[in-house]
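The values are calculated or read from the model by the stated rules, or taken from the named source; none is laboratory data. Quick caveat, the model's predicted, so the values are computed rather than measured. All Cβ positions, glycine included, derive from the backbone under ideal geometry; neighbour counts span all protein chains shown. Side chains are part of the model used for accessible areas, which takes the heavy atoms of the whole protein and leaves out ligands, DNA and RNA. Shrake-Rupley method; radii C 1.70, N 1.55, O 1.52, S 1.80 Å.
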Amino acid sequence: MAAERLDKLLASTGRWSRSEAKRLVREGRVRVDGRVPASAEEKYDAETAALTVDGEALRLAAHTYVMLHKPAGTLSATEDGRGRTVLELLPEEYRRRGFFPVGRLDKDAEGLLLLTDDGALAHALLSPKRHVDKLYYVRVQGALDEADRAAFAAGMTLGGGLHCLPAELRILSAGAESEALVTLREGKFHQVKRMLAARGKPVLYLKRLAMGALTLDERLAPGEWRELTKEEEKKLK
Ligand code: URA
């Protein structure tokens, strides 16, 4: 890992701002490998440097990953003048660390949202070339049938000529309203809603259940979150 400025390393813990970190160094409260650094501009490797503040060892986790059960009514953005964002559901510490949501869920949608400060992993998961599966539970108006399933499997072309990759529609129940599981291998804007609207079955409710190897922890109520386990982190990478 590349060496980073000491104030940046201290701020990456979310406990101090960059200017507070500089002050800690000036006050001689920080040690690196047992020595008092001359300035906050010195650069160290987060993986090998042993940092202490007031004698307390700091854990410089390279990156952190959070699974959020996004509630309806929140925006998948870091900042938005128009409403409450998912970042506001996390403690300040994560916001300071530059957390952001990996991909988007519509404002009215619920379910699994991954948040992290790991730009490289986010890029890899969202890359169209990677085809990371996303699994959704949907409730729609109208009776889903075999023709809908076949249209999804064939790869639909939406209005404006937007071509979708083959997708899976597993019908759970069909009636005046129907329920289904949808698996997409891509993430175009409003894709599930647009595909189902094109079949004349508008979405009433949408919840993401999984993204790649990561599954929503059903013990999390909407609005609740937790950090990923090491096992989940490994699977994701
Ligand atoms: N498809 C949609 O239509 N909305 C989402 O939020 C996610 C997938």
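For the chain, relative contact order (Cα pairs under 8 Å, six or more residues apart, normalised by length) works out to 19 percent.
Largest mean-square fluctuation among 58, 209, 126, in a Gaussian network model of the chain whose springs join Cα atoms under 10 Å apart, belongs to 58. Full extension of the chain between residue 17 and residue 210 gives 66.1 nm of extra length, using 0.36 nm per residue less the Cα-Cα distance.
Accessible surface calculations at 1.4 Å, restricted to protein heavy atoms, place the chain at 52 Å² per residue. If you build a Gaussian network model of the chain, linking Cα atoms that sit under 10 Å apart, which residue out of 47, 79, 177 swings the most? Maximum among the listed residues: 47.
Charge dipole (Cα centre; +1 on Lys/Arg Cβ, -1 on Asp/Glu Cβ; no other charges) of the range 134-211 amounts to roughly 320 debye. Only Lys, Arg, Asp and Glu carry charge here, each on its Cβ (+1 for the first two, -1 for the last two); on that basis the chain has a dipole of about 400 debye about its Cα centre. The label-point distance for residue 88 and residue 56, in a model that sets each label 7 Å from Cα toward Cβ, rounds to 3.0 nm. In order along the range 192-198, phi translates into HN-Hα couplings of 5, 4, 5, 5, 6, 4, 5 Hz, rounded to whole numbers, per the Karplus curve 6.51 cos²θ - 1.76 cosθ + 1.60 with θ = phi - 60° and x for Gly and Pro. Largest first and in whole Å, the equivalent-ellipsoid semi-axes of the range 4-57 read 13, 12, 11, each the square root of five times a Cα gyration tensor eigenvalue. Label separation (residue 130 vs residue 177): 3.4 nm, computed from points 7 Å beyond Cα along the C-beta direction. Counting protein heavy atoms only, the chain has 50 percent of its accessible area on carbon and sulfur, 1.4 angstrom probe. Taking other residues whose beta carbon is less than 15 angstrom from the beta carbon of residue 198, and scoring Lys, Arg as +1 and Asp, Glu as -1, yields +4. Using C-alpha pairs below 8 Å separated by at least 6 residues, the relative contact order for the range 4-57 is 38 percent. Lysines within cross-link reach of residue 22: Cα-Cα under 16 Å, excluding same-chain residues under 8 positions apart? Excluding near neighbours in sequence, the set is 8, 43. If you run the Gaussian network model on the chain, springs between alpha carbon atoms under 10 Å, then out of 36, 66, 25 the most flexible one is 36.
Report summary: the helix-based calculation at 222 nm, which adds -39500 (n - 2.57) for every DSSP H run with n ≥ 4 and divides by the residues of the chain, gives -5500 deg cm²/dmol. Measuring nothing but how far apart in sequence close Cα pairs (under 8 Å, 6+ apart) lie, relative to its length, the range 60-107 scores a relative contact order of 37 percent. Rg/Rh, computed from the Cα trace of the chain with Rh as the Kirkwood radius, has the value 1.10.
Partner lysines whose Cα lies under 19 Å from the Cα of residue 129, excluding those fewer than 8 positions away in the same chain, are identified as 188, 235, 237.
Taken along the Cα-to-beta-carbon direction at a fixed 7 Å, the label points for residue 29 and residue 198 span 5.8 nm. Distance from the alpha carbon centroid of the range 117-173 to that of the range 1-77 works out to 39 angstrom.
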